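Structure first, commentary second.
The values are calculated or read from the model by the stated rules, or taken from the named source; none is laboratory data. Since this is a predicted model, take the numbers as computed values, not measurements. Cβ: placed from backbone, ideal geometry, glycine included. Neighbour counts: every protein chain shown. Heads up: the accessible areas ignore ligands, DNA and RNA and are worked out on the full protein's heavy atoms, side chains in. Shrake-Rupley method; radii C 1.70, N 1.55, O 1.52, S 1.80 Å.
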Amino acid sequence: MNDRSDCPINLAVELFGDRWTLLILRDLIFADRRHFRELLRESDERITSSILADRLDRLVAAGILTREDDPTHLQKAVYTLTDKGVDLVPVLATIGTWGATHCAADPAKAAPTRELAYRLPESWSRLMESLRDSHGVLPSR
(Lines give C-alpha, C1' and ligand atoms only; values in the text may rest on other atoms or scores of the structure.)
Protein backbone atom coordinates (compact mmCIF):
# COMPACT_ATOMS: atom_id res chain seq x y z
CA MET A 1 0.00 0.00 0.00
CA ASN A 2 1.26 3.47 -0.83
CA ASP A 3 0.06 5.79 1.95
CA ARG A 4 -0.33 9.42 0.97
CA SER A 5 0.03 10.80 4.50
CA ASP A 6 0.36 9.69 8.09
CA CYS A 7 -3.07 11.12 8.97
CA PRO A 8 -4.94 8.36 10.88
CA ILE A 9 -8.12 8.90 8.86
CA ASN A 10 -6.16 8.65 5.59
CA LEU A 11 -4.38 5.49 6.75
CA ALA A 12 -7.72 3.85 7.59
CA VAL A 13 -9.30 4.96 4.30
CA GLU A 14 -6.29 3.65 2.37
CA LEU A 15 -6.85 0.28 4.03
CA PHE A 16 -10.62 -0.20 3.95
CA GLY A 17 -12.15 2.84 2.29
CA ASP A 18 -13.83 1.05 -0.58
CA ARG A 19 -17.31 -0.40 -0.24
CA TRP A 20 -16.27 -4.00 -0.84
CA THR A 21 -13.85 -4.18 2.08
CA LEU A 22 -16.43 -2.75 4.46
CA LEU A 23 -19.09 -5.16 3.18
CA ILE A 24 -16.76 -8.14 3.59
CA LEU A 25 -16.07 -7.03 7.15
CA ARG A 26 -19.82 -6.64 7.70
CA ASP A 27 -20.41 -10.22 6.56
CA LEU A 28 -17.61 -11.59 8.74
CA ILE A 29 -18.74 -9.67 11.82
CA PHE A 30 -22.54 -9.70 11.60
CA ALA A 31 -23.26 -12.80 9.46
CA ASP A 32 -20.35 -15.03 10.60
CA ARG A 33 -19.39 -15.85 7.01
CA ARG A 34 -15.90 -17.32 7.24
CA HIS A 35 -15.31 -19.13 3.93
CA PHE A 36 -14.62 -17.62 0.51
CA ARG A 37 -17.68 -19.30 -1.07
CA GLU A 38 -19.99 -18.05 1.70
CA LEU A 39 -18.71 -14.51 1.25
CA LEU A 40 -19.07 -14.80 -2.52
CA ARG A 41 -22.44 -16.54 -2.86
CA GLU A 42 -24.26 -14.93 0.05
CA SER A 43 -23.33 -11.37 -0.82
CA ASP A 44 -26.50 -9.37 -1.54
CA GLU A 45 -24.31 -6.92 -3.44
CA ARG A 46 -22.91 -9.60 -5.81
CA ILE A 47 -19.19 -9.14 -5.26
CA THR A 48 -17.01 -10.73 -7.94
CA SER A 49 -14.57 -13.49 -7.02
CA SER A 50 -11.54 -11.43 -8.12
CA ILE A 51 -12.51 -8.44 -5.97
CA LEU A 52 -13.30 -10.70 -3.01
CA ALA A 53 -9.93 -12.48 -3.31
CA ASP A 54 -8.08 -9.15 -3.56
CA ARG A 55 -9.83 -7.60 -0.54
CA LEU A 56 -9.38 -10.74 1.59
CA ASP A 57 -5.67 -10.75 0.74
CA ARG A 58 -5.42 -7.06 1.74
CA LEU A 59 -7.21 -7.68 5.05
CA VAL A 60 -4.92 -10.62 5.82
CA ALA A 61 -1.81 -8.59 4.91
CA ALA A 62 -3.02 -5.75 7.17
CA GLY A 63 -3.47 -8.13 10.10
CA ILE A 64 -7.24 -7.65 10.29
CA LEU A 65 -7.95 -11.25 9.28
CA THR A 66 -6.08 -14.51 9.36
CA ARG A 67 -6.39 -17.22 6.72
CA GLU A 68 -6.06 -20.83 7.82
CA ASP A 69 -6.63 -24.09 6.00
CA ASP A 70 -9.99 -25.60 6.91
CA PRO A 71 -9.33 -28.93 8.65
CA THR A 72 -12.68 -30.28 7.42
CA HIS A 73 -12.00 -29.68 3.71
CA LEU A 74 -8.68 -29.64 1.84
CA GLN A 75 -9.83 -27.06 -0.72
CA LYS A 76 -11.23 -24.52 1.78
CA ALA A 77 -9.74 -21.80 3.92
CA VAL A 78 -11.25 -20.21 7.00
CA TYR A 79 -10.99 -16.45 7.50
CA THR A 80 -10.91 -15.33 11.12
CA LEU A 81 -10.94 -11.87 12.63
CA THR A 82 -7.88 -10.85 14.60
CA ASP A 83 -8.11 -8.58 17.64
CA LYS A 84 -7.39 -5.70 15.26
CA GLY A 85 -10.40 -6.83 13.19
CA VAL A 86 -12.67 -7.16 16.22
CA ASP A 87 -11.78 -3.56 17.10
CA LEU A 88 -13.66 -2.52 13.93
CA VAL A 89 -17.06 -3.49 15.44
CA PRO A 90 -17.76 0.04 16.77
CA VAL A 91 -16.76 1.54 13.40
CA LEU A 92 -19.12 -0.70 11.42
CA ALA A 93 -21.88 -0.37 14.02
CA THR A 94 -21.61 3.42 13.82
CA ILE A 95 -21.73 3.37 10.02
CA GLY A 96 -24.72 1.01 10.20
CA THR A 97 -26.50 3.17 12.75
CA TRP A 98 -25.98 6.23 10.55
CA GLY A 99 -27.31 4.30 7.52
CA ALA A 100 -30.33 3.05 9.46
CA THR A 101 -31.09 6.61 10.59
CA HIS A 102 -30.44 8.58 7.40
CA CYS A 103 -31.06 6.11 4.55
CA ALA A 104 -33.99 3.99 3.42
CA ALA A 105 -32.59 0.81 5.01
CA ASP A 106 -34.49 -2.45 5.31
CA PRO A 107 -35.67 -2.48 8.97
CA ALA A 108 -34.75 -6.15 9.38
CA LYS A 109 -31.21 -5.50 8.13
CA ALA A 110 -30.93 -2.36 10.28
CA ALA A 111 -31.91 -4.20 13.47
CA PRO A 112 -28.43 -5.55 14.34
CA THR A 113 -26.81 -2.12 14.19
CA ARG A 114 -29.69 -0.49 16.05
CA GLU A 115 -29.12 -3.01 18.85
CA LEU A 116 -25.49 -1.83 19.03
CA ALA A 117 -26.38 1.88 19.06
CA TYR A 118 -25.02 3.81 21.99
CA ARG A 119 -25.03 7.26 23.47
CA LEU A 120 -22.45 9.46 21.77
CA PRO A 121 -19.48 10.49 23.87
CA GLU A 122 -19.78 14.06 25.13
CA SER A 123 -16.72 15.09 23.11
CA TRP A 124 -18.40 13.90 19.88
CA SER A 125 -21.66 15.65 20.77
CA ARG A 126 -19.83 18.93 21.44
CA LEU A 127 -17.98 18.75 18.11
CA MET A 128 -21.20 17.90 16.23
CA GLU A 129 -23.05 20.79 17.87
CA SER A 130 -20.18 23.14 17.00
CA LEU A 131 -20.26 21.94 13.38
CA ARG A 132 -24.05 22.39 13.19
CA ASP A 133 -23.63 25.94 14.48
CA SER A 134 -20.75 26.87 12.20
CA HIS A 135 -22.41 25.31 9.13
CA GLY A 136 -25.89 26.65 9.92
CA VAL A 137 -27.39 23.16 10.12
CA LEU A 138 -30.46 22.21 12.13
CA PRO A 139 -30.38 18.75 13.75
CA SER A 140 -32.23 16.19 11.62
CA ARG A 141 -33.71 14.38 14.62
Worksheet item: Taking the Cα atoms of the range 90-137 alone, what are Rg (to one decimal) and Dmax (as a whole number) in Å?
Response: 12.6, 36
Practice prompt. Relative to the longest principal axis of the C-alpha atoms of the chain, give the angle of the C-alpha long axis of helix 122-135, reported between 0 and 90° and rounded to the nearest 10°.
Written response: 60 degrees
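Can you pull the percent of the chain's accessible area that's carbon plus sulfur, 1.4 Å probe, other chains left in place?
55 percent
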Item to complete: Please build a GNM for the chain, connecting alpha carbons under 10 Å apart, and tell me which residue among V60, V91, V13 fluctuates the most.
Response: V13
Worksheet item: Considering only protein heavy atoms, what per residue accessible area in square angstrom results for the chain with a 1.4 angstrom probe?
Response: 70 Å²
Worksheet item: Whole-Hz Karplus ³J(HN,Hα) for the range 35-51, in order, using 6.51 cos²θ - 1.76 cosθ + 1.60 and θ = phi - 60°, x for Gly and Pro?
Response: 10, 3, 4, 4, 5, 6, 6, 9, 7, 4, 8, 6, 5, 7, 5, 5, 5
Discussion item. Between R33, R55, R41, where does the largest GNM mean-square fluctuation fall for the chain, given springs only between Cα atoms within less than 10 Å?
Written reply: R41
Worksheet, complete the sentence: Answer in debye to the nearest 20: the dipole magnitude of the chain about its Cα centre, from +1 Lys/Arg and -1 Asp/Glu charges placed on Cβ, is 320 debye
Response to the item:
In a Gaussian network model of the chain with springs linking alpha carbons closer than 10 Å, the residue among L25, L116, L92 that fluctuates most is L116
Discussion item. Taking the Cα centre as origin and putting +1 on Lys and Arg beta-carbons and -1 on Asp and Glu beta-carbons, what dipole magnitude results for the range 49-110, to the nearest 20 debye?
Written reply: 140 debye
Item to complete: Stick to the Cα atoms of the chain, pair each with every other, and give me the Kirkwood hydrodynamic radius in Å at one decimal.
Response: 17.1 Å
Fill in: Rounded FRET efficiency, nearest 0.05, which uses the C-beta distance separating K84 from A105 and R0 of 25 Å
0.35
Worksheet item: If R132, R34 are ordered by their accessible area, calculated over protein heavy atoms with a 1.4 Å probe, which sequence runs from highest to lowest?
Response: R34, R132
Worksheet item: How large is the convex hull of the Cα atoms of the range 1-48 per residue, expressed in Å³ as a whole number?
Response: 90 Å³
